[in-house]
Amino acid sequence: YKWQVQRTLSLDLALFYNDYQSLRTATQGDISCYPSGVYPYCLFSADRAISLVMTRDLGNETSGYSKGLELATDWRPFPNWRLQASYSYLQTHIAEEPDIYAVDDERTSPGNQLSLRSWLNPRPDLDLDLWLRFSDESETHGLLGSVTIDAYWELDARIAWRPKPRLELALVGQNLLNDAHIEGYSELGDIPLTSLERSVYLKMRLEF
């Protein structure tokens with residue numbers, strides 16, 4: 001549903017429902033001894049070193065759904081100032097059987113996300129931009145166990161000055177509210193959790 005309230009204000013609302021079939025699953029197998037022997041009696045053998053092997057069968061044996069809403073608004077209180085706000089809500093459910101493990105976790109995606117953005121041009125040659133955002137807690141299960149990504153607030157800021165029409169100098173700060181925050185993970189646990197650190201840098205752009 002889209003509504004142009006007035007020339008400088010608009011609203012956008014979306015409701016959604018997604019149905020998923022043949023999602024990834026894993027079934028726990030039996031424990032065996034390597035290179036030989038019968039579990040658990042092989043553990044008491046002193047003839048050779050014994051390793052335990054537990055198989056896991058992969059398949060596509062489960063289903064699920066997700067539903068939620070997205071709300072966004074765009075407002076220009078003045079010709080040189082633009083504001084945007086958006087909010088999204090997501091609820092996911094994945095069916096599991098007692099002996100079948102769903103690889104795709106229903107808590108992987110954040111349930112609530114919020115974004116507030118401001119673009120201000122106090123002068124034709126000057127930009128002041130801010131972006132505040134929130135992401136809810138999420139959780140998943142990998143080979144190394146349960147992994148939790150904490151909820152976080154973050155802020156990006158940018159000040160840009162154009163002393164000449166083809167030259168722009170900008171001071172940019174990203175993820176200013178935290179030293180670092182986690183945003184991603186590896187299912188296999190083969191790489192560390194992906195985190196974004198606070199950064200501040202200068203940027204020059206020259207057009208020719």
Tail weight of P(r) past 24 Å, computed on alpha-carbon pairs of the chain, percent: 64
Net charge, Pro77 excluded, C-beta distance under 15 Å - Lys, Arg +1, Asp, Glu -1: +3
Accessible area (Å², per residue) of segment 1-159, counting only protein heavy atoms and a probe of 1.4 Å: 68
Surrounding net charge for Leu13, when Lys and Arg each add one and Asp and Glu each subtract one, Cβ distance under 14 Å: -2
Sulfur and carbon atoms: percent of accessible area, the chain [1.4 Å]: 57
Positive minus negative residues near Tyr87 (Lys, Arg vs Asp, Glu; Cβ under 12 Å): -2
Exposure rule at most 13 other beta-carbon atoms within 10 Å, DSSP loop trypsin sites (Lys or Arg not before Pro): the chain longest free segment: 49-165
Relative contact order, percent, segment 17-161 [alpha-carbon distance under 8 Å, six or more residues apart]: 19
Global form of segment 1-105, assessed from the alpha-carbon gyration tensor, a/c cut-off 1.5: prolate
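The values are calculated or read from the model by the stated rules, or taken from the named source; none is laboratory data. No experiment lies behind these values; they were computed from the predicted model shown. As a convention, Cβ positions derive from the backbone with ideal geometry for all residues, glycine included, and neighbour counts pool all protein chains shown. Ligands, DNA and RNA are excluded from the accessible area calculation, which covers all protein heavy atoms including side chains. Shrake-Rupley method; radii C 1.70, N 1.55, O 1.52, S 1.80 Å.
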